[in-house]
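Structure first, commentary second.
The values are calculated or read from the model by the stated rules, or taken from the named source; none is laboratory data. Worth saying up front: this structure is predicted, and the values here are computed from it rather than measured. Positions of Cβ are generated from backbone atoms using ideal geometry, with glycine treated the same way; all protein chains shown enter the neighbour counts. Side chains included, ligands, DNA and RNA excluded: accessible areas come from the protein's heavy atoms. Shrake-Rupley method; radii C 1.70, N 1.55, O 1.52, S 1.80 Å.
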Amino acid sequence: MNKHFSSASSPEENGGIIFKAEHIIKEFPNLRALDDVSTEIKRGEVVFIVGPSGSGKSTFLRCLNLLEKPTDGKIFFEGKQINCRGIKINAFRQKVGMVFQHFNLFPHLTILNNIILAPLKTHRMKRAEAVSKAEELLKRIGLYEKRNAYPQQLSGGQKQRIAIVRALLMNPDVILFDEPTSALDPEMVGEVLALMKELALGGMTMIVVTHEIGFAREVADRILFMDHGRIVEEGSPEDFFSHPKDPRLKDFLSKVI
Amino acid sequence: MNAVLSWFQEQSADLKTAFYMNFIKDDRWIYLWSGLKITLQIAFFAVLIGILLGFLVAVIRSTHDKVGNLRFLNFICKMYLTIIRGTPMVVQLLIIYFVILSSCTDKVFVAVIAFGINSGAYVAEIIRSGIMSVDKGQMEAGRSLGLSYLQTMIYIILPQAFKNVLPALGNEFIVLIKETSVSGYIALQDLTKAGDIIRSQTYDAFLPLIAVA
């Protein structure tokens, strides 16, 4: 497995826990999206978050890299609290990749420039190094020929794979996926899932919000089921699907499988 | 038939004399030429100041709207926009010439400042609309990659916003060039003033004004 496809190895501290969320509460006007959510994500773990729409799973994911600020509760990243004053939020986010439902590629830049913009501007790489790494990754996913194309010339599946590569080039410790296949045509879903699976097997720490239950079963180390802003049940895929305990999870599984 | 023809000949002969009187005699076209130069000069530098001011104000205003900080700067910008857009250009020009920059003798400079400040207010709102037209996922994507707010603004949001507002911006600059015609109020000989001078010498209004337009 290629070295870019695995988590950057740093000295293992605090038991290899990357993310720790303690009693996260997120309130929007007239809505409590997250209601006392606590969990831990270990290095190298692939965690899937599933649940009905409006259950707070995307909000939780966005809280983890502070795109949403939690109303209350603490989030720790590699042992340090991040949702407090005086934290270097940009340096923190450079270690946390994010892949969006609607790709959010930069339409005014070519594919190559989309990928190398962040490493260059954050001074993580020199141009030559960034270009050669980006080209290497593009070759791996078979989109090298598209490096000088613009995002609107690509299919949805290609765009999402570029978005994943863009996150990867920052060499993050963890990547957050926010419904990465929900905006794709059915025939494009497979190529994105294949790349994600490759990442998971390569040891990348991943937190994935998705409706692809079958994919979660196949790839996840652990699955969280959320409903009404709470984690209702969690467990290994086996327990999760064979012996669901909570009636809401049973109900959910009966609908989606 | 002949009557019509001779009427036309008469008219064109008149026009020829009028043209000679208004533009050729005493080298009066030089008024227009130097007026044109001054008008373009003012418009060009005012446009530069306008874009600069506009970008600055637009970024401050939209940063305030999105993030919620910069309250004081935002207040200043709002005052600026309200005052400049709420008062006539001529009055602004006179105030700047006679009150604020009364010690300055370079009229072109005064006009450039006045028109620049005026245009900045309009450009600011145009650019702000452009910034708001960019999908908010773009900002999230930039920030999630570890870029700062300012970096995301400069490398991701503004280039897209700029492209979206180019037509409106073009409009604004055409308006600005025409608006410079009021700079005669501070005794600056721009294109309109040049037309006035010719008119006062020849008592003919039609040709000079057409030429100015």
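Things worth noting here:
- Condition met for residue B:112 (open to solvent by 20 Å² or more (accessible area, probe 1.4 Å), part of a helix (DSSP H, G or I), away from every other protein chain (no Cβ under 14 Å) and β-branched (Val, Ile, Thr)): no
- When we screen A:75, A:49 for residues that are outside any helix (DSSP H, G or I), β-branched (Val, Ile, Thr), in contact (Cβ under 8 Å) with a residue 60 or more places away in the chain and more than 10 Å from every other protein chain (Cβ to nearest Cβ), the only hit is A:49.
- Filtered by the rule that a residue be exposed (fewer than 14 other Cβ atoms within 10 Å of the Cβ) and either at pLDDT 90 or above or hydrophobic (A, V, I, L, M, F, W, C) (or both), the range A:70-80 gives a lone residue, A:72.
- Set side by side, the residues A:205, A:181, A:110 differ, and just one is modelled with pLDDT of 90 or more and either within 23 Å of residue A:53 (Cβ to Cβ) or touching a His at 6+ places or on another chain (Cβ under 6 Å) (or both), which is A:181.
- Residue A:67, sole failed condition from (1) surrounded by 24 or more Cβ atoms within 10 Å (Cβ to Cβ); (2) within 17 Å of the chain's Cα centre (by Cα): (1)
- Of residues in the range B:149-195 being among the hydroxyl-bearing types (Ser, Thr, Tyr) and open to solvent by 20 Å² or more (accessible area, probe 1.4 Å), the one nearest to residue A:97 (Cα to Cα): B:149
- For the range B:127-148, taking the residues that are in a helix (DSSP H, G or I) and closer than 18 Å to residue A:64 by Cα, the one that is most open to solvent (accessible area, probe 1.4 Å) is identified as B:143.
- Matching residues in the range A:86-140 - criterion: being open to solvent by 60 Å² or more (accessible area, probe 1.4 Å), assigned to a loop (DSSP other than H, G, I, E, B) and in contact (Cβ under 8 Å) with a residue 40 or more places away in the chain: A:95, A:102, A:124
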